[in-house]
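Notes for the one structure printed next.
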Amino acid sequence: MRLLMSAVAATGFMFTAAIAQAEPVVIKFSHVVAENTPKGQMANMFRDLVKERLGDDKVKVEVYPNSQLFNDNNVLQAVLLGDVQMAAPALSKFGRYTKKLALYDLPFLFENMDAVERFQKGEKGQELLKTMEDKGLTGLGYIHNGLKQLSSSKPLRVPADASGLKFRIMSSKVLEAQFETLDATPLKKPFSEVFTLLQTKAIDGQENTWSNMYSKKFFEVQPYITASNHGLLDYMVVTSTEFWTGLPDDVRGEVKKALDEAIVHGNKVALEKHVADRKKIAESGKSEILELTAEERTQWVDAVKPVWEEFADQLGQDFIDAAYASNKAE
Ligand code: SIN
């Protein structure tokens, strides 16, 4: 009997030890921007919240910023292959997986970030989070960076000033059409290459937010920035559906809660940096910030408006209408 009891106790001990030694779930989160950006801050806070609430021995989030692991061209493939578990590419970079998210690239679609927030919380915005499920990618939420500005080696006041210039763009057909409409040449290049392309004058300009231009020092190699607020830089946090549905329910719930909280924080950082990083660039004296008059701005809006029509079928007129309507507060 005693023998039997110690055998049972030993089995129990081995079982407990096995649980105690179970490997933690590792979530590698790969992104391309600096840590002092909205996305960088969101990812770090997500890591810290998961550690605080679940403990590193259960779930460990590892954040890889600055394209350390993967760049724009290969990160989604890496998510699907399980090489990383989360990423948050710009909405402009999902073209290989869905044509629908290019909606967000339509020029002058959103007047401010409140409008973006209203649209994304609404039915159509939520629907777009699910648009890649048939490809094995689950959208977990949106995170903002902000409205984009145009930087260049020469002053851009009216659309004709962009004619003949080369601009780096993210890999979006809508962004391609936007620059072609201006009679400029768009070049799809990864974010990690932009500074060098600008510095060596292989390209003339690019479009980005104040925080990306500040954190990656684009302003040091671009003498002019037009405060155009002409487009949106926003992200989707994605994971592979296989990984996500494979997590135990309680773990998935806690991880999602931590992510949602980190996104709220990241969005706050985005609003602050839109103002603060612009100010730092202005104070640097390295880049002149050009303000558009109302009349000049109208010229830009009119020049790129044909892009809306060109992509209406692909994006869905109902989606375009819903996004545009979000500019009006209810
Ligand atoms: C990013 O903010 O993730 C990169 C944006 C870009 O490629 O310009």
Report yes if some residue within region 138-160 is within 16 Å of the ligand (Cβ to nearest atom) and assigned to a helix (DSSP H, G or I); otherwise report no. no
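Does residue 204 fit the bill of being under 18 Å from the mean Cα position of the chain (by Cα), crowded, with 21+ Cβ neighbours inside 10 Å and at pLDDT 95 or above?
Spelling it out, it is not the case that residue 204 is under 18 Å from the mean Cα position of the chain (by Cα), crowded, with 21+ Cβ neighbours inside 10 Å and at pLDDT 95 or above.
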Return yes when residue 138 is out of contact with any Leu (no Cβ under 8 Å at 6 or more places or on another chain) and polar (S, T, N, Q) and no when it is not. yes
Picking from 90, 115, which residue would you name as being at pLDDT 95 or above, surrounded by 20 or more Cβ atoms within 10 Å (Cβ to Cβ) and under 18 Å from residue 267 (Cβ atoms)? 90
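Looking only at region 31-54, filter to residues that are among the polar types (S, T, N, Q) and assigned to a helix (DSSP H, G or I); which one of those is surrounded by the fewest Cβ atoms within 10 Å (Cβ to Cβ)?
Checking each candidate, the answer is 44.
For region 224-256, how many residues are aromatic (Phe, Trp, Tyr) and either modelled with pLDDT under 95 or within 15 Å of the ligand (Cβ to nearest atom) (or both)?
1
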Among 87, 78, which is within 13 Å of the ligand (Cβ to nearest atom), more than 21 Å from residue 277 (Cβ to Cβ) and either more than 16 Å from the chain's Cα centre (by Cα) or of a type in the set (A, V, I, L, M) (or both)? 87
Name the one entry in 108, 119 that is part of a helix (DSSP H, G or I) and out of contact with any Asp or Glu (no Cβ under 8 Å at 6 or more places or on another chain). 119
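Okay, residues lined up against (1) modelled with pLDDT under 95; (2) under 23 Å from residue 292 (Cβ atoms); (3) within 16 Å of the ligand (Cβ to nearest atom):
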site	(1), (2), (3)
195	no, no, yes
208	no, yes, yes
212	no, yes, yes
258	no, no, no
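The values are calculated or read from the model by the stated rules, or taken from the named source; none is laboratory data. Just so we're clear, the structure is a prediction, and the values are computed from it rather than from any experiment. Cβ atoms come from the backbone with ideal geometry, glycine included; neighbour counts cover every protein chain shown.
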